[in-house]
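Working notes for the structure below.
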Amino acid sequence: MADIQNFLDTIKAGYTFKGESYKIGCAMLDGAVVDGADVLMPLKTLNRHGLIAGATGTGKTKTLQVLAEGLSDASVPVLLMDIKGDMSGIAAAGTVNDKITDRCQKLHIEYKPTAYPADLLTLSHEKGVRLRATVSEFGPVLLSKILGLNDTQGGLVAMIYKYCDDNKLPLLDLKDFIKVLQYVSNEGKAELQKTYGNISTSSIGTILRKVVELQQQGAEVFFGEKSFEVEDLMRINDDGKGMISIVRVTDLQDRPKLFSTFMLQLLAELYATCPEEGDMEKPKLVMFIDEAHLIFQEANDALLQQIETIVKLIRSKGIGIYFCTQNPMDVPASVLAQLGLKIQHALRAFTAADRKVIKQTSENYPETSFYKTEDLIMQLGIGEALVTILNEKGIPTPLVHCMLRAPQSRMDVLTDGEIDNLISKSKIAGKYNTVVDSESAYEILTDKLNDAAKREAAQQEQEAEEKQTRKSTTKEKGFFDNPTVKSMTRTAGNQIVRGLLGVLGLGGRGRSRKWRFGRGGWDRRQRRRGSGRRRCSGRCGGG
């Protein structure tokens, strides 16, 4: 009895808050619920991020649903990443059954089936409000990190962004970016090198291949207009409840790069858009990322660093981020260290590696004299979890074995008819589901290249006409106007003159002179008479 009273006093002291809070369940000791040991969640510290972990079928998704309902009731908007497709039921009222009734009696709460205000959003061709972002909004740094580029390639991407800004070439979708890459590696290479420096064709080729890889994962659907405004994620309905925006990403399980691209862009946009708030009585927005391992499994070091930085800094904007995954080790240690709330559902140990993970997980929680954490993690029932959160002073609360309350909304998916009805009533569907294809870099560069091709064709045609005109003019000239004939005439005349001048001799005393045409022109050579006795060649017999 003393142990129970000590336990009850510890829980009440650790989970009693001055500000607004929300009951998520009751504490358990030795497998039984302890009356009066309510586990409350303070709204003031929900911007300190959190983790919901546990094996398949242990109730993680329903816990996420319970937290989203409590936040909506407190007028806090919620963003849910629904990777499995089982969160849409939050928009419909739940149904009572014996299990729910029994749980509510143990927790001393009343079950009220409730449908919560929700919007269905989509990144692909699924039904819902379309989420898009432009390439320009990503910026060169974020885009380079997503593509996994090195510093040289990233610098080239930054130069391309600068060129597009200077020349008013809007980068809206991937076809714009691809067109610019093709242009700067061919027709526009000389233009860019003159203003911005040398361009490596091999680097351009690498960037282009990375973009095509992203395009193959369906990113072309995500990039474009109309760009989604983050203010539409922070709406309150007419009844004062926070809107729950459910992003349906069920078809992105095999395309983790697109999912991580969207998540990082959204976090960056939220951080850039929202002003500094400091400590608030309750957050402006809470985001739940189901199957969070999809973000991290394909992320390179640069991307992980970016996520870690945003998680650290976005808290001051009044935004909380909660990762939901099967194994806590799926979340990098640098990110895990930033998560104030931890709700750990059961883990199963089938191998030595599993037992090692369970031991490491148990060491992440505050020490307690009431539980043997390492053993209890494997014994938790469905809808039960180990819970620790941050109190209003930022201090971790005592670790507690908690029986969680059941969701008041439907614990199942909506039918196709219900989804169509929900989308038709959405206040933002008409704003974002209209296709917009504004004039951008692709159209501007295509027109520029087409004009250049037309000018070149016209110039070639003009040169061909001038050449044909010269040929016709040559045929109409006289015989002696022909250059070849003129050359032959000059040659014949020179030969006649040389012949005449070559036979003209000028006599003089004692010597004979003769003019001759040589290499240097006309010269006069002298022929000396022989002096003395003439030698005989032998015929005269002389000496």
Across the range 403-419, what is the number of residues that are part of a loop (DSSP other than H, G, I, E, B) and open to solvent by 10 Å² or more (accessible area, probe 1.4 Å)?
9
From the options ASP279, ASP232, ASP239, residue that is surrounded by 17 or more Cβ atoms within 10 Å (Cβ to Cβ), in contact (Cβ under 8 Å) with a residue 12 or more places away in the chain and among the acidic types (Asp, Glu):
ASP232
Got a number for residues in the range 102-143 being closer than 30 Å to ILE160 by Cα and among the acidic types (Asp, Glu)?
1
Which residues, taken from the range 420-448, are at pLDDT 80 or above and either touching a Ser or Thr at 6+ places or on another chain (Cβ under 6 Å) or open to solvent by less than 50 Å² (accessible area, probe 1.4 Å) (or both)?
LEU422, ILE423, SER426, ILE428, ALA429, TYR432
Hits in the range 331-360 (condition: touching a residue at least 40 places away in the same chain (Cβ under 8 Å) and either under 19 Å from LEU404 (Cβ atoms) or open to solvent by 30 Å² or more (accessible area, probe 1.4 Å) (or both)):
GLN338, LEU339, GLY340, LEU341, LYS342, ILE343, GLN344, HIS345, ALA346, LEU347, ARG348
Output the residue which, of all residues in the range 88-100 that are of a type in the set (A, V, I, L, M) and open to solvent by less than 40 Å² (accessible area, probe 1.4 Å), is farthest from ILE289 (Cα to Cα).
ILE100
Those residues of the range 169-222 which are loosely packed, with under 15 Cβ neighbours inside 10 Å and of a type in the set (Ser, Thr, Tyr) amount to THR195, SER200, THR201, SER202
Return the total of residues in the range 64-87 being hydroxyl-bearing (Ser, Thr, Tyr) and open to solvent by 10 Å² or more (accessible area, probe 1.4 Å).
1
LYS393 vs (1) over 28 Å from LEU43 (Cα atoms); (2) free of Cβ contacts under 8 Å to residues at least 24 places away in the same chain: all pass except (1)
Of all residues in the range 101-133 being open to solvent by 10 Å² or more (accessible area, probe 1.4 Å) and β-branched (Val, Ile, Thr), which is farthest from the chain's Cα centre (by Cα)?
THR101
LYS18 vs (1) at pLDDT 90 or above; (2) crowded, with 16+ Cβ neighbours inside 10 Å: all pass except (2)
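The values are calculated or read from the model by the stated rules, or taken from the named source; none is laboratory data. As the structure is a computational prediction, the values presented were derived from the model and not from experiment. Positions of Cβ are generated from backbone atoms using ideal geometry, with glycine treated the same way; all protein chains shown enter the neighbour counts. Keep in mind that these areas ignore ligands, DNA and RNA; they rest on the heavy atoms of the full protein, side chains included. Shrake-Rupley method; radii C 1.70, N 1.55, O 1.52, S 1.80 Å.
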